[in-house]
Amino acid sequence: MTGVLVLGVIALCASAAHSQTDSHAEQVQRGRKQFVQSCGFCHGVDATGGRAPDLVRSPLVAHDQKGELFGEVIRNGRPDKGMPALPMTPEQIADIAAFLHARALEALESSGVPRDYPAEKLTTGKVEAGKAFFEGAGGCSGCHANPAELAAAGRKYSSIEFESHMLYPEDKPITAVVTLGSGEQIRGKVIHRDDFVIGVQGEGGWYKSFPREKVKVEIQDPLEAHRKLLDKLTQADMHNLFTYLYSLK
């Protein structure tokens, strides 16, 4: 009799757990439909961004649990950002929260972005705006004066790889010219640098370090412009710039 009772309890627990799993899956599906209908036009149907920011990797969503943080944003909108207020019930907001957290978990558990990621999900900007940024505020044309080279890169890589190279180009070594007190100049790849010491390595493999206060150092960083650009690049600039560059291929 006791064994039968134990089996009955186990069966009830398993049934309850299965019911909870089904309930969560149903909530995620409701949230998905609600999100696509109300938010997908700007944030993308998969919440990875479009005209509006990526919500899958949003810090606000990451710290939210059931919509208590971004619920106010949904209900009140962000007029300064062009987002209208959306009159939703607490249940609808909780459903959207379940969907966004499910998407965030998918992204976290994913081993990587597929190489054949659809280009249309990335080319959401405006070609003319991207060209204007490339030739103007971005300062890109100063180094990339020949569009044909960028077109060739676009054909070489998949869309997602091309965007990755645009933001984080292949690493190129930082070099330095160290001028000694005697006037002798030593050139090499920077291995170490801080406020007190500069260390460089030559083509032959040798390594030399010098006190910064006793030498003159000229740093040559071929990717300095890219590093500075990341600090000021807005999401709109990024989408516009990539759409323009991808159009060259």
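In the range 36-67, of all residues being within 13 Å of residue 98 (Cβ to Cβ) and charged (D, E, K, R), the one that is surrounded by the fewest Cβ atoms within 10 Å (Cβ to Cβ) corresponds to 66. If you scan the range 166-189, which residues turn out to be over 28 Å from the mean Cα position of the chain (by Cα), open to solvent by less than 40 Å² (accessible area, probe 1.4 Å) and closer than 30 Å to residue 238 by Cα? None - no residue of the range 166-189 is over 28 Å from the mean Cα position of the chain (by Cα), open to solvent by less than 40 Å² (accessible area, probe 1.4 Å) and closer than 30 Å to residue 238 by Cα, so the list stays empty.
Within the bounds of the range 133-140, is there any residue that is modelled with pLDDT under 85 and either open to solvent by 80 Å² or more (accessible area, probe 1.4 Å) or among the aliphatic types (A, V, I, L, M) (or both)? Taking every residue of the range 133-140 in turn, none turns out to be modelled with pLDDT under 85 and either open to solvent by 80 Å² or more (accessible area, probe 1.4 Å) or among the aliphatic types (A, V, I, L, M) (or both). No other residue among 54, 46 is touching a Ser or Thr at 6+ places or on another chain (Cβ under 9 Å) and part of a loop (DSSP other than H, G, I, E, B) apart from 54.
When the residues of the range 206-249 are filtered to those that are more than 15 Å from residue 134 (Cβ to Cβ) and touching a residue at least 60 places away in the same chain (Cβ under 8 Å), the one that is least open to solvent (accessible area, probe 1.4 Å) is 230. Look at (1) over 17 Å from the mean Cα position of the chain (by Cα); (2) open to solvent by less than 40 Å² (accessible area, probe 1.4 Å); (3) closer than 28 Å to residue 51 by Cα and you find that residue 162 fails only one, number (1). Within this structure, residue 151 passes the test of being assigned to a helix (DSSP H, G or I), under 30 Å from residue 249 (Cα atoms), of a type in the set (A, V, I, L, M, F, W, C) and touching a Leu at 6+ places or on another chain (Cβ under 6 Å).
Scanning the range 231-248 for residues being under 23 Å from residue 148 (Cβ atoms) and β-branched (Val, Ile, Thr) gives a total of 1. Of the residues making up the range 125-139, those that are closer than 27 Å to residue 42 by Cβ, in a helix (DSSP H, G or I) and not aromatic (Phe, Trp, Tyr) number 6. Scanning the range 76-102 for residues that are over 16 Å from residue 44 (Cβ atoms) and surrounded by 14 or more Cβ atoms within 10 Å (Cβ to Cβ) yields a count of 10.
So is residue 72 at pLDDT 85 or above, open to solvent by 50 Å² or more (accessible area, probe 1.4 Å) and either in a helix (DSSP H, G or I) or basic (Lys, Arg) (or both) or not? The answer is no for residue 72.
Only one entry of 33, 126 meets the criterion of being out of contact with any Gly (no Cβ under 6 Å at 6 or more places or on another chain), open to solvent by 40 Å² or more (accessible area, probe 1.4 Å) and closer than 30 Å to residue 156 by Cα, and that entry is 126. Report, by residue number, each residue of the range 161-210 that is of a type outside the set (A, V, I, L, M, F, W, C), touching a Phe, Trp or Tyr at 6+ places or on another chain (Cβ under 7 Å) and part of a strand (DSSP E or B). Residues satisfying the conditions are 199, 201.
The values are calculated or read from the model by the stated rules, or taken from the named source; none is laboratory data. Note that this is a predicted model, so its numbers are computed, not measured. Please note: Cβ atoms are built from the backbone with ideal geometry, for glycine as well, and neighbour counts cover all protein chains shown. Please note that ligands, DNA and RNA were not included when accessible areas were found on the heavy atoms of the full protein model with its side chains. Shrake-Rupley method; radii C 1.70, N 1.55, O 1.52, S 1.80 Å.
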